[in-house]
């Protein structure tokens, strides 16, 4: 009898293990499956880099702003936790950017614009193309995740753009230009507009909400497929740029999550939805947007592309771990 019981235990894993693996299987696997589909399409030449660029424009300019606006406008205004989670992310994010900038200037011997590029890649996460589609699939995570996207859009993108635009001699820092660049971001504009409506308790008319829902639903799959297509149509020399890739990965995937979650605990936020959303937000890989901005400024282009590829591969582990622990 004992032997039969032991065999039953061996054949059926403990319920706790099944509970841990459930969100990984139900959320992470389909997400990375869509990315893989994009990669396969690119490798088979069924889709091209031009298709990826078109999908990126759809997601960044239209679909994701519609999703954010509809999500945030339907909430009941700002809560105490919304401000605290933005603080828990914003303070460590700025600190990590400053530290990464200093490392790039002193240890890697990069000029100010290149150091700014590395600093941005060390913090800017792939929230649009990877994080938000996952957050939308976990109950209670989408709202705090959107809070973090707003904080990132204003603070990280703004500071990164300013650092990358600085003269090579580092003489001038234009704070006003930093804020103007942030407010031109469609995601930031959509998030601010949604928060504004929610704060004054103005409900969207039914047809407009339906429009945002329909367009917003296209954001997740289009973003994930585009990400896979991006990887398939561009080569990455990770080994050639090992120092920069390792530096970015250490700051982005280790230091930033530890500091942010630690500060959230210090601030006394114990809502599991907010803790899970922050954990997910900080372990997503370096954003494709960091590569796009690097390309526009002509600094660390290949290094940033390699970091995007390396951290995306690493995020299979980090995102799965966050879903297993927090979801």
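The values are calculated or read from the model by the stated rules, or taken from the named source; none is laboratory data. The shown structure was predicted, so the numbers you read here are calculated from the model rather than taken from an experiment. Every residue, glycine as well, gets a Cβ built from its backbone with ideal geometry; the counts of neighbours run over all protein chains shown.
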Legend entry - Scan of the range 271-327 for residues that are in contact with a helix residue (DSSP H, G or I) (Cβ under 7 Å, 6 or more places away or on another chain) and on the phi > 0 side of the Ramachandran plot, ordered by number: 300
Inset, instruction - Name the residue, out of 203, 177, 219, 162, that is at pLDDT below 85, in contact with a helix residue (DSSP H, G or I) (Cβ under 7 Å, 6 or more places away or on another chain) and surrounded by fewer than 18 Cβ atoms within 10 Å (Cβ to Cβ). - result: 177
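Of the residues 299, 275, 240, which single one is closer than 27 Å to residue 65 by Cβ and more than 15 Å from the chain's Cα centre (by Cα)?
275
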Legend entry - Pairs, first at negative phi in the range 23-38, second modelled with pLDDT of 80 or more and not in a helix (DSSP H, G or I), C-beta under 8 Å, six or more apart: 23/138; 26/137; 27/137; 27/138; 31/137; 38/47
Inset, instruction - Go through the range 105-159 and count every residue that is modelled with pLDDT of 90 or more, under 20 Å from residue 84 (Cα atoms) and touching a strand residue (DSSP E or B) at 6+ places or on another chain (Cβ under 8 Å). - result: 2
Inset, instruction - May I ask you to verify whether residue 46 is more than 17 Å from the chain's Cα centre (by Cα), surrounded by fewer than 14 Cβ atoms within 10 Å (Cβ to Cβ), modelled with pLDDT of 75 or more and closer than 30 Å to residue 230 by Cβ? - result: yes
